[in-house]
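Trainee: Before I ask anything, let me first share the structure, which is written out below as structure tokens.
The values are calculated or read from the model by the stated rules, or taken from the named source; none is laboratory data. The model shown is predicted, which means the values in this text are computed figures rather than measured ones. When we count neighbours, we look across all protein chains shown, and the Cβ atoms used for this are built from the backbone with ideal geometry, even at glycine.
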Amino acid sequence: MGDYPRVVLKPHEEGRLQKGHLWAFSNEVAQAPAGLEPGSLADLFPSSAGFLGRGFYHPHSLIAFRILSSEQENIDAAFFQKRLTEAMALRERLYPSATAYRWVFGESDRLPGLVVDRYGDYLAVQVLSAGMERFKDVLIQALNQAAHPRGIVWRSDAPVRLLEGLKEEPPSVILGEVPPRVQITLENGSFYVDLLGGQKTGFYFDQRDNRQALAALCSGRRVLDAFCYSGGFGIAAARAGARAVVFVDSSQPALELAEANAQLNDVADRCTFVQGDALQLLSHQNPGGPFDVIVVDPPAYARSKKHLPVALKAYEKLNALAIGALPKGGILAASSCSHFVDRDAFLETLRRAARKAKRSLRLLEMRGQAKDHPVLLAMPETEYLKFAILQVF
């Protein structure tokens, strides 16, 4: 099996990890061998007797250690093959007929820093940690063996890579061939996905269950899908019988994709597409305006803890405008995809937004990320999406 370098924590810093958390931070580390390269495999120990885990050590990152296994097992091709197989088995159990889903969700699948989305015969891969980057060739081979894809897209364009000392690079096809648009079918419609030029890995699987939940309230209603990207919420609403859907996004390529998706689902005759700022559009709506349902799913406003105060004010302003634009009995679907905005802070922001709009809110359902983005109870960082369905009075 061979010996792995030893990384030792300071006294009394092991409690969180003993409860199941998978990260040790740089200020918690007491000793590590000199010269270890970022992403090196190592063993993590408390200051007293015991063993905490085997994983990736990074001497220059805030997240100094990422645990791969609580066992002293070999970290090799067979290890990754097993983890990938386990992750796929869970998704096939959660979505038995699906061929498109979040296959690997990093720490939640005990593969820290790895994200894999499956789009039928194609895969999109994000590597967000130096350790996973070192295993790039092993991962490609393991993914190929597990899924036999026609093509794999390597997405190295996430800014968070810079925190690990990794380069931010344009997406590339690293195996097989990938068409400009891939078609997938989900519970709430069929969608074209741009794996090379689209946001994140091309599609937001984390909202798949929320789209279904909201669509059930949209029959016969007029719907605004703000920050629509490729139209996920609006398409689901139209398929569920919405009378009219307006899609708004600042990105023309995103709107073109949304329009193509409306045509793909035979709902284009009830859809309107507007390029522009969703905030500006909402600010020009009359009180109780033309929409019965408004979805506000903005990008993450809080990308770090220091941005939290400004982010909360931005969420408040956005949702106050949406609340004011809805009639009595209208439905607001409000979302936040920032981990740093927790559930309590998000709900308080919605309360403040309602007061600002001089309206009242009734919470119908509080939801989170889809089941293919499971949450580790011992690791709050794996829970990031808040999705509230509310009625306005």
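Trainee: Against the condition in contact (Cβ under 8 Å) with a residue 60 or more places away in the chain, aliphatic (A, V, I, L, M), over 22 Å from PRO170 (Cα atoms) and touching a Leu at 6+ places or on another chain (Cβ under 7 Å), how does ALA100 come out, does it pass? Can you show your working first?
Mentor: On the way: in contact (Cβ under 8 Å) with a residue 60 or more places away in the chain: yes; aliphatic (A, V, I, L, M): yes; over 22 Å from PRO170 (Cα atoms): yes; touching a Leu at 6+ places or on another chain (Cβ under 7 Å): yes.
Yes.
Trainee: Assess whether GLY288 counts as being more than 17 Å from TYR192 (Cβ to Cβ) and without any contact (Cβ under 8 Å) to a residue 60 or more places away in the chain. Please lay out each step first, then the result.
Mentor: Numbers: more than 17 Å from TYR192 (Cβ to Cβ): yes; without any contact (Cβ under 8 Å) to a residue 60 or more places away in the chain: yes.
So GLY288 passes the test.
Trainee: All but one of (1) out of contact with any Leu (no Cβ under 7 Å at 6 or more places or on another chain); (2) among the aliphatic types (A, V, I, L, M); (3) modelled with pLDDT of 95 or more hold for LEU332; state the number of the condition that does not hold.
Mentor: Every listed condition holds for LEU332 apart from (1).
Trainee: Somewhere in the stretch 277-292, is a residue at pLDDT 95 or above, in contact with a helix residue (DSSP H, G or I) (Cβ under 6 Å, 6 or more places away or on another chain) and buried (at least 19 other Cβ atoms within 10 Å of the Cβ)?
Mentor: No.
Trainee: Please note which strands (runs of 3 or more DSSP E) are completely contained in the stretch 242-330 and include at least 2 residues that are within 25 Å of LEU347 (Cβ to Cβ), assigned by TED's automatic domain parsing to the domain that holds PHE340 and not acidic (Asp, Glu).
Mentor: Working: elements: 244-249, 271-275, 293-296.
Result: 293-296.
Trainee: Given (1) within 23 Å of GLY20 (Cβ to Cβ); (2) buried (at least 22 other Cβ atoms within 10 Å of the Cβ), identify the lone condition not met by ALA124.
Mentor: (1)
Trainee: Something else: Looking at (1) surrounded by 23 or more Cβ atoms within 10 Å (Cβ to Cβ); (2) without any contact (Cβ under 8 Å) to a residue 40 or more places away in the chain, which is the one condition that is false for TYR57?
Mentor: TYR57 satisfies every listed condition except (2).
Trainee: Further question: Do any residues in the stretch 11-26 that are closer than 16 Å to ARG110 by Cβ and of a type in the set (Gly, Ala, Ser) have Cβ atoms under 9 Å from those of residues that are assigned to a loop (DSSP other than H, G, I, E, B) and at pLDDT 95 or above, where the two are at least six apart or on different chains, and which pairs are they?
Mentor: Pairs that qualify, where the first residue is closer than 16 Å to ARG110 by Cβ and of a type in the set (Gly, Ala, Ser) and the partner is assigned to a loop (DSSP other than H, G, I, E, B) and at pLDDT 95 or above, are GLY20/SER70; GLY20/LEU376; GLY20/LEU377; GLY20/ALA378; GLY20/MET379; ALA24/GLU13; ALA24/GLU14; ALA24/LEU52.
Trainee: Any idea how many residues of the stretch 228-241 are under 24 Å from the mean Cα position of the chain (by Cα), of a type in the set (A, V, I, L, M, F, W, C) and in a loop (DSSP other than H, G, I, E, B)?
Mentor: Adding up the residues that qualify gives 1.
Trainee: For the structure I just gave you, tell me whether GLU348 is modelled with pLDDT of 95 or more and either assigned to a strand (DSSP E or B) or not assigned by TED's automatic domain parsing to the domain that holds ASP297 (or both). If you could, list the steps in order and put the result at the bottom.
Mentor: Values: modelled with pLDDT of 95 or more: yes; either assigned to a strand (DSSP E or B) or not assigned by TED's automatic domain parsing to the domain that holds ASP297 (or both): no.
No; evaluated as a whole, the condition is false for this residue.
Trainee: Right, another one. Residues that are surrounded by fewer than 19 Cβ atoms within 10 Å (Cβ to Cβ): list the strands (runs of 3 or more DSSP E) wholly contained in the stretch 1-53 that include at least 3 such residues.
Mentor: Working: elements: 6-9, 23-25, 29-31, 40-45.
Where strands (runs of 3 or more DSSP E) fall fully within the stretch 1-53 and carry at least 3 residues being surrounded by fewer than 19 Cβ atoms within 10 Å (Cβ to Cβ), they are 29-31.
Trainee: Could you check, for the stretch 93-103, whether at least one of its residues is at pLDDT 95 or above, assigned to a helix (DSSP H, G or I) and not β-branched (Val, Ile, Thr)?
Mentor: yes
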